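Below is one structure, written out as structure tokens; the observations come after it.
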Amino acid sequence: MAKAEVKTKATDVSVAEFIAAVPDMRRRDEAEVIDAMHRRVTGLEPRMWGPSIIGYGSYDYKYESGREGTSCRAGFSPRKAALVLYLAGDEEAEAEGLYARLGKHSRGKACLYIKRLVDVDLAALERLVALSWQLMNERYPK
């Protein structure tokens, strides 16, 4: 059986052009805010990962199953239904307090979903991004 190819790879698509093409003006403006936040936290210029993820940095992973690949260390996607931020560190005690004061959101395993950026505490959100970035750098030294 052939291995499934990883679909989310870094591309040469322009992040600025991708954000400018987001159809909903509010979501486009929110993407610019989240991009600026990630640039402050990471100190990096973003790249597109796959067709819709704006990512910062990269790391190599290998699962016990043998599946391996490269992914972005931090990232987000301005999707129609919600902004999706990809975060590590839900198990950290500090993260729980930050999520408690964040405002309206929902979470998946490594995803934070925000329907409207005005409904969240941006300082708490930026600290969550910074905590995730710190943990990713500890787990996957460069």
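Starting from region 1-17, keep only residues that are closer than 19 Å to Gly69 by Cβ, then list their pairs with residues that are of a type in the set (Phe, Trp, Tyr) and at pLDDT 90 or above whose Cβ atoms are within a distance under 6 Å, requiring at least 6 positions of separation or different chains.
Thr8/Trp49; Ala10/Trp49
Out of Asp90, Asp60, which single residue is closer than 24 Å to Thr8 by Cα and modelled with pLDDT under 90?
Asp90
Please go through region 5-37 and pick out each residue that is basic (Lys, Arg) and at pLDDT 95 or above.
Looking only at region 5-37, we keep the residues that are basic (Lys, Arg), and these are 7, 9, 26-28.
Those that are basic (Lys, Arg) and at pLDDT 95 or above: Arg26, Arg27, Arg28.
Would you confirm, using the coordinates I've provided, whether Arg79 is on the phi < 0 side of the Ramachandran plot and in contact with a strand residue (DSSP E or B) (Cβ under 8 Å, 6 or more places away or on another chain)?
No, not satisfied.
Could you list, in sequence order, all residues of region 70-116 that are small (Gly, Ala, Ser) and loosely packed, with under 12 Cβ neighbours inside 10 Å?
Of everything in region 70-116, those that are small (Gly, Ala, Ser) and loosely packed, with under 12 Cβ neighbours inside 10 Å turn out to be Ala81, Ala93, Ala100, Ser106, Gly108.
Check Gly57 against each of (1) surrounded by fewer than 18 Cβ atoms within 10 Å (Cβ to Cβ); (2) under 13 Å from the mean Cα position of the chain (by Cα) and name the one condition it does not meet.
Exception for Gly57: condition (1).
Looking at region 16-27 only, could you name the residues that are surrounded by 15 or more Cβ atoms within 10 Å (Cβ to Cβ) and assigned to a helix (DSSP H, G or I)?
Phe18, Ile19, Arg27
Can you go through Arg27, Arg116, Arg127 and tell me which one is more than 17 Å from Ala10 (Cα to Cα) and touching a strand residue (DSSP E or B) at 6+ places or on another chain (Cβ under 7 Å)?
Arg27
For region 33-139, which fully contained strands (runs of 3 or more DSSP E) count at least 1 residues that are closer than 22 Å to Ala20 by Cα and without any contact (Cβ under 8 Å) to a residue 40 or more places away in the chain?
Of the strands (runs of 3 or more DSSP E) lying wholly inside region 33-139, those with at least 1 residues that are closer than 22 Å to Ala20 by Cα and without any contact (Cβ under 8 Å) to a residue 40 or more places away in the chain span 47-49, 53-56, 74-78, 83-86, 111-114.
Report yes if Ser65 is modelled with pLDDT under 95 and small (Gly, Ala, Ser), otherwise no.
yes
The values are calculated or read from the model by the stated rules, or taken from the named source; none is laboratory data. Being a predicted model, the structure only gives us computed values, none of them experimental. Positions of Cβ are generated from backbone atoms using ideal geometry, with glycine treated the same way; all protein chains shown enter the neighbour counts.
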